[in-house]
Amino acid sequence: MAADDQERTEQATPKRREESRQKGNVVKSQEVSSAVLILVAAWSLSSMGSTLHLGIDGVMARTWSSFASGPMTQHYFYQLMINSMTSVLFLLAPVTGALALVGIVSGVAQHGFIFTATPLAPDWSRINPLSGFGRIFSLQALMSLGKTIMKFIVVAFVATLVIRREFPSVFIAIDLSPSQIVAMTGGGVVRLIFWSGMVIAVIGIADYGFQRWDHERKLRMTKEEIKEELKHTEGTPLVRSRIRSLQREMARKRMMDDVPKADVVITNPTALAVALVYQAGGLEAPKVVAKGAGFIAKRIREVARENGVPLVENKPLARAVFKTVEIGEMIPSRFYRAVAEILAYVYKLRGKG
């Protein structure tokens, strides 16, 4: 694996990343999701604890009082338990709903929304004993083991500190009412959950950084893989040459379609041809709509004649404009005078003034 990683020196291409994403291989840390869920649970219990306590207390009071309201048959006991559990579930619905929503959001926040059935497909390589041993002793497995051990030790240490801090309150609990004891115990449990969540959050941030690094390492490509991908994406050199040829042909066709709109075609007279268009008040300067040499110049002249576009011979100007101005660009100011004289001549011929 070390030799393979040394060969994979290139960053993954967008295509490689998208394929990996479609397979469900994304950066995700279970510790981040766990930390968020624990912290939200602590906040929910802190903000809604008294409401839940009163609600459950009312459910229990109604349940116990119902025992004396009628004969305790099997059917009556069954209905009583169903009603009690339904009431408790309704009380817990806001908390469980918030936890479910937070679990979804924490996952989407890490790797975005993704829907794929690829991870559900059977992978027969997982039943290979050699592959199984490779996964057991892989860097990912060692990191997971170390993370679990560290999480257990740190959470146990923090829990010990919190419990030790709360322990003196046990001695005064004997003088408190049952509701005060429940409130005191609930507060201690919430603080224990909160600090455990904070510890797991720190571990989760470190784990997410490792997961991102490991994900990028696995996505790296060799130079040969990039060449093969480029070949499959753009085709063989022959196909790419054919595509470029078709693109040039389409560009020439579009250019020829603009020749009939030109005001004048300046020629060399046979080697070069440049078609110009000018709209007074619409364009700041004359614009090149077509140009060409050799066969293309000949074709531009033919299209111009067919559509009544004047041909004017001016070798220096045709050569200069052909070399310095691209199709779709306006001519530079140094050509204004020469082009203006040609346009004035053309307009005079057409009686435009």
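Here, each number is a calculation from the coordinates, and none is a lab measurement. From a predicted model like this one, the values you see are computed outputs, not experimental measurements.
Among the lysines, which fall within straight-line cross-link reach of Lys231, defined as a Cα-Cα distance under 16 Å, with same-chain neighbours fewer than 8 residues apart omitted?
Output for Lys231: Lys15, Lys223.
Please list 3J(HN,Hα) in residue order for the range 159-164, calculated via the Karplus relation 6.51 cos²θ - 1.76 cosθ + 1.60 where θ = phi - 60°; whole Hz, with x for glycine and proline.
4, 4, 4, 5, 5, 5
Quick one: which residues, 5 or more positions from Val264 or on another chain, have an amide H under 5 Å from its amide H? H modelled 1.01 Å from N in the peptide plane, none for Pro or chain starts.
HN-HN under 5 Å from Val264: Leu276.
Would you kindly derive the ³J(HN,Hα) couplings of the range 100-108 from the backbone phi angles with the Karplus curve 6.51 cos²θ - 1.76 cosθ + 1.60 (θ = phi - 60°), listing them in order in whole Hz, with x for Gly and Pro?
Per-residue couplings from phi come out as 5, 5, 5, x, 5, 5, 5, x, 5 Hz.
If amide H atoms are built 1.01 Å from N in the plane of the peptide, which residues on other chains or at least 5 residues away come under 5 Å of the amide H of Gly292?
Ala273
Starting at the first residue of the range 328-338, write each ³J(HN,Hα) from the Karplus equation 6.51 cos²θ - 1.76 cosθ + 1.60 with θ = phi - 60°, in whole Hz, x for Gly and Pro.
So the J values, rounded to whole Hz, are x, 9, 8, 6, x, 5, 5, 9, 4, 4, 5.
Do any of Lys28/Lys147; Lys253/Lys348; Lys151/Lys218; Lys315/Lys348 go past 19 Å between their Cα atoms, and which?
Over 19 Å apart, Cα to Cα: Lys253/Lys348; Lys151/Lys218; Lys315/Lys348.
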